[in-house]
Structures are given as structure tokens and as C-alpha cells.
Amino acid sequence: MTDQPHQFVRTAPGEPVIPFVNWGGMRALYVKEVRRFFKVQLQTIWAPALTTLLFLLIFSVALGGGGRTIMGHQFANFVAPGLIVMGMMQNAFANASFSLLVGKMQGTIVDYLMPPLSTGELLVGLVGAAMTRAVLVGLALWVAMSFWPGVDVLPRHFWAVLWFGLMGAAMLSFLGLLTSIWADKFDHAAAVTNFVVQPLSLLSGTFYSIESLHGVFRDLSHLNPFFYVISGFRYGFLGTSDSPLGVGAVALLVVNILLGTACYQLLAKGWKLKN
């Protein structure tokens with residue numbers, strides 16, 4: 001007999017060993033996902049930033065000549081914030097749509113399903129990593145555009161930059177995760193990118209003001225959630241917007257709640273993951 005405490009303490013059957021939230025496991029999943037895309041940061045962060053900068057160069061030369069202004073701002077200043085947040089959203093989608101899909105294709109999906117993580121913890125880890133990649137791409141673009149001749153990307157309303165940037169990144173992270181759950185091969189994920197993400201991005205008012213559109217097309221633009229992300233994020237830099245900020249902020253929150261709920265339900269059921 002000894003009065004020294006045992007090194008291992010056994011819990012009663014049915015008593016949870018990890019109460020409430022498994023912070024350690026959730027952090028491990030998040031770090032694992034971040035390290036995965038950071039190991040190839042040239043491809044996942046710097047290459048998308050360079051591609052977006054080329055968009056700025058091409059459209060500034062093609063459409064910004066002659067001192068063209070939109071909503072009272074120089075064309076390059078008008079386009080730059082939209083390009084930043086568009087790059088953030090597209091990379092959030094790319095990251096979230098990859099994780100579970102490659103696990104299903106390589107047979108390593110059990111690495112996500114077997115650890116003692118709840119559905120909510122799994123969701124937070126995957127979406128958090130995708131949003132982290134989006135923020136890193138956005139910061140890389142913002143720094144690069146800060147040194148771009150003739151472009152002013154100094155934030156005027158930081159709350160708008162933060163809110164609409166994070167809402168946009170979260171929205172595409174949830175959409176990417178839904179795609180990763182549904183898709184069986186990379187062609188399926190590419191179809192969502194080509195027929196959903198890219199069209200909605202290009203028709204979101206990144207390169208133009210929707211006030212210049214015909215009434216019907218202007219009304220249709222207000223149904224595009226990407227438009228509210230672009231418009232609100234641009235307001236954070238320019239101080240002007242072509243959409244009601246309050247409506248956009250609430251609409252994006254509702255869309256994210258709906259997408260997050262759909263992700264949670266599908267993960268909890270294990271749809272196309274456990275069979």
C-alpha cells in the first residue's frame with residue numbers, strides 16, 4: 001500500500017474523459033490542416049496572390065486608362081479591395097474543398113472520423129484552417145498592393161474590412177466543405193468551382209458598379225451573396241458602397257448560419273463519409 005497518487009486514473013464506465021470541448025484535439029486538427037497548406041505555401045498563398053495582382057494589372061491597363069473613375073474613385077482604387085477579398089474567398093473554398101475529398105479518395109478519411117472529436121469540433125478545425133489560408137492570402141495581397149503605384153488600399157473603416165472579409169471567407173469555407181463532403185473526385189469539386197464560385201465572383205461587382213446595370217440585372221445582383229461581400233469590403237477601404245451595409249451584414253450572417261448548419265448536419269450523419 002502506498003499513499004502516493006496513481007499515475008493513471010481510471011474513470012467510471014460511461015463517464016466522459018474529455019468534458020465539454022476537446023480543445024487539444026481541435027487545436028491538433030487545426031494545426032494539421034494549416035501545416036498541410038503551409039508546406040506548399042508557394043502554391044497555396046503566393047501563387048494565388050500573384051494571379052490576383054495580374055488581374056489588377058490587366059484590368060487597370062484595359063479598363064482604367066484615361067483616368068476612368070467609378071463611384072468617384074480611380075478605377076484601380078475601386079477594383080483593388082474587391083480583388084483582395086475575391087482572392088480570400090476563392091482560396092478559402094479551395095482549402096475547404098480539398099481536405100475531406102482527398103481523404104475519401106486516398107482512404108484516409110478515418111483520420112478525420114476516428115479521433116475523439118465531436119461534429120462541431122471537426123467543423124471548427126476544418127473551417128478555421130480554410131479561413132486562416134484566406135486571411136494569409138488577403139494579407140499578402142494587401143501588402144503587395146500597398147506598394148503598387150497609383151493604388152491606395154489604406155483601410156478607412158476597419159470594422160467593415162474585418163466583418164465582410166471574415167464573413168466572405170467563412171461562407172466559401174462552408175461551401176467548400178459541403179463540396180468536399182458531396183464530391184467523389186476532383187472533377188466534382190472543379191465543377192463547383194467553374195460553374196458556381198467563378199461566375200458568382202465575376203458577377204459580384206468586383207470590376208464595375210451594379211448601378212450601371214439595367215434594372216433587372218441590378219435586382220439579380222442583389223441576390224448574389226458575393227456582391228454583399230465585395231461591396232461591404234470595398235466600403236472598408238473607400239468609404240462608399242453600392243449596397244445597404246446593414247442588409248449585407250445581416251444577409252451574410254444568415255447565409256453562413258444556414259451553410260454552417262448544413263455542414264454540421266451532413267458531418268453528423270456521415271453522409272458520403274462513412275459508407
Out of 100, 53, I need the residue that is of a type outside the set (Ser, Thr, Tyr), farther than 27 Å from residue 243 by Cα, in contact (Cβ under 8 Å) with a residue 24 or more places away in the chain and not in a strand (DSSP E or B). Which one?
100
Residues that are over 18 Å from residue 88 (Cβ atoms), under 16 Å from the mean Cα position of the chain (by Cα) and of a type in the set (A, V, I, L, M): does segment 180-200 have at least one?
yes
Do we have any residue at all in segment 221-232 that's touching a residue at least 60 places away in the same chain (Cβ under 8 Å), more than 30 Å from residue 118 (Cα to Cα) and touching a strand residue (DSSP E or B) at 6+ places or on another chain (Cβ under 8 Å)?
no
List the residue pairs whose Cβ atoms are under 9 Å apart, where the first residue sits in segment 238-259 and is touching a residue at least 40 places away in the same chain (Cβ under 8 Å) and farther than 11 Å from residue 167 by Cβ, the second is exposed (fewer than 14 other Cβ atoms within 10 Å of the Cβ) and of a type in the set (Asp, Glu), and the two are 6 or more positions apart or on different chains.
242/211
Scanning segment 132-158 for residues that are without any contact (Cβ under 8 Å) to a residue 12 or more places away in the chain and not in a helix (DSSP H, G or I), the one farthest from residue 78 (Cα to Cα) turns out to be 147
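Yes/no matrix, rows are residues, columns are (1) surrounded by 14 or more Cβ atoms within 10 Å (Cβ to Cβ); (2) assigned to a loop (DSSP other than H, G, I, E, B); (3) acidic (Asp, Glu); (4) modelled with pLDDT under 95:
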site: 199; (1), (2), (3), (4): no, no, no, yes
site: 219; (1), (2), (3), (4): no, no, yes, yes
site: 242; (1), (2), (3), (4): yes, yes, yes, yes
site: 273; (1), (2), (3), (4): yes, yes, no, yes
When you check residue 10 against the structure, is it surrounded by fewer than 16 Cβ atoms within 10 Å (Cβ to Cβ), more than 19 Å from residue 88 (Cα to Cα), modelled with pLDDT of 90 or more and among the charged types (D, E, K, R), yes or no?
no
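The values are calculated or read from the model by the stated rules, or taken from the named source; none is laboratory data. Given the structure is predicted, the values throughout are model-derived calculations rather than measurements. No Cβ is skipped: glycine too gets one built from the backbone with ideal geometry, and neighbour counts run over all protein chains shown.
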